[in-house]
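Q: Got a structure for you, questions after.
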Amino acid sequence: MKKWHSTRIPVWVAVACAVALPAILTGPALAQESDWREEYAFTLGVQAYIYGFPWVFLSQIRWQWVTQAPLDPEGGPYAPLNEFWHARRLSTAADRTGGSPNNDTLYSLAWIDLSKEPVILSVPALSGRYYTFEMSSMDSDNFAYVGTRATGTKAGNYAIVGPNWAGVLPPGVMELPHSRTPYALITGRTLVYGTDDVASVHAIQDQYKLTPLSYWGSADEQSAGRDVWAPYPTTDPLAAWKTMNRAMTENPPNVPGQESLVNSFATIGVGLGQDVAAMDDATKQGLERAALEGMAIMHGFNVAGGSGHKVNGWTYPPSTLGRAGQYDDFLTRAATQCWAGIVANDPQEAVYLNTTTDAEGIQLNGANSYVMRFPPNGLPDVGAFWSVSMYGMDHNFVDNPLDRYKLGSYPEGLMQFDPDGSLTLYVQYESPGVDRESNWLPAPDGDFYLVLRNYLPGTGILNQTWEPPSVVAVLRRPN
């Protein structure tokens, strides 16, 4: 195992501690040995849990998507390692798995094993249609992109490479920035212009290919690999820590400058090569408490909107989102980037704003009627597309008579502009009238929230100076 060096304690610190200790040890708050071990494991464990949460959560996601066939083949990702699962229909209210899915693109998802060799991603020429492949390590941070913005619209072959591989790639294969970990997740998105365009996207998806390097140029087909270990069962109070340790041993944290932090976790049995089961009972008790507290902190962070910039009731995500751990922003990485989204796009690729409240700071609810009014020439400045999507508080789309889950760039020609060039969206439970239904975003008869997606955002969105219109209540149901 790699050894990282720690800084020696200065003499003056040791002297100061020696002077202070007698007063502490003879005071009325003298604690038993087991107490300090539990409290130390608890306090350090909270930090360790937030740091290591992506390894726990993504291990669960990997096991689920690779080994657990869904009852509905269209209902969720399921594919062997190094192979794509393609969504063949846009997400609708019939999908109840949460996660705030989009209704703009079809997903192409894959878990890849880079422990022995690179895997080559092949894409066709896609002139005129937006697509992107986001690649993330087991820490949930992105490391590379292929797509309209990152690599252009020509056909190409791109080598996805693990942290320790060094070799020669075949001619015509471009090497991408390396993953920090041996396992990685690919999240592909291909824009759909409308329901009648889905079949065209299927034909494109069928041309996306993943090929391990040893199979490149060969007619042989790779065998379906589903050898993925299962996370520890939640009936074990130390399950999260055991899963974290195994996942970090398989996929070591690999970021310069974080070595001493990771080393400190080893003192409580957490991290690569560690065995939490071998720790004393007090430490185990502290870690059990730390896992619960870590989850509570993450939940509170998300409910409060995270650390993003708020404007007109909407919240911009922090600029670190997508690679938050590379900026030591571990709470954003754990709570918002990973737990809420599994992974998140870099801002240059997409910026998602969200709101749960109206212009007066009151929770959005279908009992009321709202409008969003974009001024003339005030639509989101994007290079690909934008959309406003409606979600119930269970993070799923809302069933409605129009089967409409978003309004935005596509389908083109749906929404009607006002005479002065502004665009008014009607956000409510009941129809705003036949003449306004083209601009109606149906709400549930209860609480909801909105997500404003901006793909290939312009400068104003990237630097967070563009102000989205407030969601204004025009009619409130009396209490």
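The values are calculated or read from the model by the stated rules, or taken from the named source; none is laboratory data. What you see is a predicted model, and the numbers here were worked out from it, not measured in a lab. Note that each Cβ is placed from the backbone with ideal geometry, even for glycine, and that neighbours are counted across all protein chains shown.
Q: Looking for something touching a Ser or Thr at 6+ places or on another chain (Cβ under 6 Å), closer than 30 Å to residue 254 by Cβ and among the aromatic types (Phe, Trp, Tyr) - is there at least one such residue anywhere in region 326-335?
A: Checked against the condition, which is being touching a Ser or Thr at 6+ places or on another chain (Cβ under 6 Å), closer than 30 Å to residue 254 by Cβ and among the aromatic types (Phe, Trp, Tyr), region 326-335 yields at least one hit.
Q: Just the residues that are surrounded by fewer than 16 Cβ atoms within 10 Å (Cβ to Cβ), over 23 Å from residue 152 (Cα atoms) and touching a Phe, Trp or Tyr at 6+ places or on another chain (Cβ under 9 Å), please, taken from region 163-187.
A: Once the filter is applied, which keeps residues that are surrounded by fewer than 16 Cβ atoms within 10 Å (Cβ to Cβ), over 23 Å from residue 152 (Cα atoms) and touching a Phe, Trp or Tyr at 6+ places or on another chain (Cβ under 9 Å), region 163-187 yields nothing.
Q: Within region 188-200, track down each residue that is more than 23 Å from the chain's Cα centre (by Cα) and not in a loop (DSSP other than H, G, I, E, B).
A: 195, 196, 197, 198, 199, 200 - these are the residues of region 188-200 that are more than 23 Å from the chain's Cα centre (by Cα) and not in a loop (DSSP other than H, G, I, E, B).
Q: Of 460, 413, which residue is surrounded by fewer than 15 Cβ atoms within 10 Å (Cβ to Cβ), free of Cβ contacts under 8 Å to residues at least 24 places away in the same chain and either of a type in the set (Asp, Glu) or not in a strand (DSSP E or B) (or both)?
A: Going through 460, 413 in turn, the sole match is 413.
Q: Output the residues belonging to region 188-200 that are out of contact with any Lys or Arg (no Cβ under 8 Å at 6 or more places or on another chain) and either surrounded by 20 or more Cβ atoms within 10 Å (Cβ to Cβ) or under 15 Å from residue 153 (Cβ atoms) (or both).
A: 188, 189, 192
Q: If you don't mind, another one. Name the residues in region 62-89 that are of a type in the set (A, V, I, L, M, F, W, C), touching a Pro at 6+ places or on another chain (Cβ under 9 Å) and in a loop (DSSP other than H, G, I, E, B), would you?
A: Passing the criteria: only 87.
Q: Given the condition crowded, with 17+ Cβ neighbours inside 10 Å, in contact with a Pro (Cβ under 8 Å, 6 or more places away or on another chain) and assigned to a helix (DSSP H, G or I), answer yes or no: does some residue in region 303-314 qualify?
A: No, region 303-314 contains no residue that is crowded, with 17+ Cβ neighbours inside 10 Å, in contact with a Pro (Cβ under 8 Å, 6 or more places away or on another chain) and assigned to a helix (DSSP H, G or I).
Q: If we only count strands (runs of 3 or more DSSP E) wholly inside region 94-141, which ones have 2 or more residues that are under 21 Å from residue 194 (Cβ atoms) and touching a strand residue (DSSP E or B) at 6+ places or on another chain (Cβ under 8 Å)?
A: Output list reads 105-113, 131-137.
Q: I've got another one for you. Can you pull out every residue in region 320-334 that is of a type outside the set (Asp, Glu), crowded, with 18+ Cβ neighbours inside 10 Å and free of Cβ contacts under 8 Å to residues at least 60 places away in the same chain?
A: Answer for region 320-334, where residues must be of a type outside the set (Asp, Glu), crowded, with 18+ Cβ neighbours inside 10 Å and free of Cβ contacts under 8 Å to residues at least 60 places away in the same chain: 320, 321, 332.
Q: Determine whether residue 149 is touching a residue at least 40 places away in the same chain (Cβ under 8 Å), closer than 26 Å to residue 411 by Cβ, in a loop (DSSP other than H, G, I, E, B) and more than 21 Å from the chain's Cα centre (by Cα).
A: Answer is no for this residue.
Q: Looking at (1) farther than 12 Å from residue 187 by Cβ; (2) touching a helix residue (DSSP H, G or I) at 6+ places or on another chain (Cβ under 9 Å), find the lone condition where residue 94 falls short.
A: Of (1) farther than 12 Å from residue 187 by Cβ; (2) touching a helix residue (DSSP H, G or I) at 6+ places or on another chain (Cβ under 9 Å), only one is false for residue 94: (2).
Q: Here is a list: 379, 353. Which entry is at pLDDT 95 or above, of a type in the set (A, V, I, L, M, F, W, C), within 29 Å of residue 150 (Cβ to Cβ) and part of a loop (DSSP other than H, G, I, E, B)?
A: Being at pLDDT 95 or above, of a type in the set (A, V, I, L, M, F, W, C), within 29 Å of residue 150 (Cβ to Cβ) and part of a loop (DSSP other than H, G, I, E, B) holds for just one of 379, 353, which is 379.
Q: Return the residue satisfying two criteria in turn: it lies in region 98-117 and is over 25 Å from residue 179 (Cα atoms) and within 15 Å of the chain's Cα centre (by Cα), and of such residues it is surrounded by the fewest Cβ atoms within 10 Å (Cβ to Cβ).
A: 98
Q: Name the single residue, out of those in region 201-233 being in a helix (DSSP H, G or I) and in contact (Cβ under 8 Å) with a residue 12 or more places away in the chain, that is surrounded by the fewest Cβ atoms within 10 Å (Cβ to Cβ).
A: Among those that are in a helix (DSSP H, G or I) and in contact (Cβ under 8 Å) with a residue 12 or more places away in the chain, it is 214.
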